[in-house]
Amino acid sequence: MTFVRHVKLWASWSCCAFGESSPNLEPLRHPPTAAVSQTRACIPDKILMRESHSTFWSYATDVQIVAQHIWHSLIPYPEYRIPVTRYTIHNVFFPLIPLLMMGYLVRRPNTHIHRIALMPIAIWATLRASFGYVWVDEFYSPYNFGQGLFGLASVGKAIEYACVKEGRLK
């Protein structure tokens with residue numbers, strides 16, 4: 001199994017495992033059977049029906065499809081964003097946990113490897129929470145702008161904390 005196929009399966013699993021759907025996924029033309037798992041049902045037909053990878057352009061198309069799946073698993077289309085309610089408000093504040101942990105680790109000696117390992121988690125959580133949820137009430141709609149700015153600043157801080165090799169010791 002090639003690397004591109006592994007990434008395609010991961011991207012399709014990430015959108016299907018949590019009950020989410022992506023607008024660029026087409027339904028299967030045939031009904032799912034016992035042999036076709038739920039994960040494969042999320043993969044577009046043009047990937048499932050391909051018999052061979054014969055040219056460079058077919059590989060380029062695969063890479064483009066994989067990149068779109070990964071991008072839209074982090075930052076969905078506006079119509080697929082989840083409204084912030086009292087039941088989903090905790091998801092908006094979730095990225096503070098890895099970012100505060102990185103802020104703690106940057107003050108400790110010999111934690112560069114830990115911060116490098118924590119950086120992708122912090123960036124993923126920040127992007128998903130900042131752009132995956134939307135405030136729909138007119139009174140709270142300016143929070144969308146602030147949430148996006150906070151997300152971009154948090155991604156910058158996560159990269160900064162991870163790249164400082166010696167840390168910020170006291």
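Quick rundown of the values:
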{"item": "Percentage relative contact order, region 58-160, counting C-alpha pairs under 8 Å, at least six apart", "result": "34"}
{"item": "Trypsin sites (Lys or Arg not before Pro) within region 57-144: DSSP coil, no more than 13 neighbouring Cβ in 10 Å", "result": "Arg86, Arg107"}
{"item": "Glu138 paired with Lys157, simple spin-label distance in nm, labels 7 Å along Cα-to-beta-carbon", "result": "3.3"}
{"item": "Computed label-point distance, nm, for sites His112 and Val164 using a 7 Å Cα→Cβ extension", "result": "1.4"}
{"item": "Solvent-accessible ranking of His69, His90, largest area first, probe 1.4 Å", "result": "His90, His69"}
{"item": "Probe 1.4 Å, all protein chains present, accessible-area order of Tyr104, Tyr133, Tyr80, largest first", "result": "Tyr104, Tyr80, Tyr133"}
{"item": "Backbone HN-Hα couplings from phi across region 71-77 [Karplus 6.51/-1.76/1.60, Hz, Gly and Pro as x]", "result": "4, 7, 6, 8, 10, x, 4"}
{"item": "Ile70 accessible area, 1.4 Å probe, all protein chains in place, Å² to nearest 10", "result": "60"}
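The values are calculated or read from the model by the stated rules, or taken from the named source; none is laboratory data. These numbers were taken from a predicted model, which means no experiment stands behind them. Because the Cβ atoms are built from the backbone with ideal geometry, glycine has one as well, and the counts that use them run over all protein chains shown. For the accessible areas, the whole protein counts, side chains as well, though only heavy atoms, and no ligand, DNA or RNA atoms are used. Shrake-Rupley method; radii C 1.70, N 1.55, O 1.52, S 1.80 Å.
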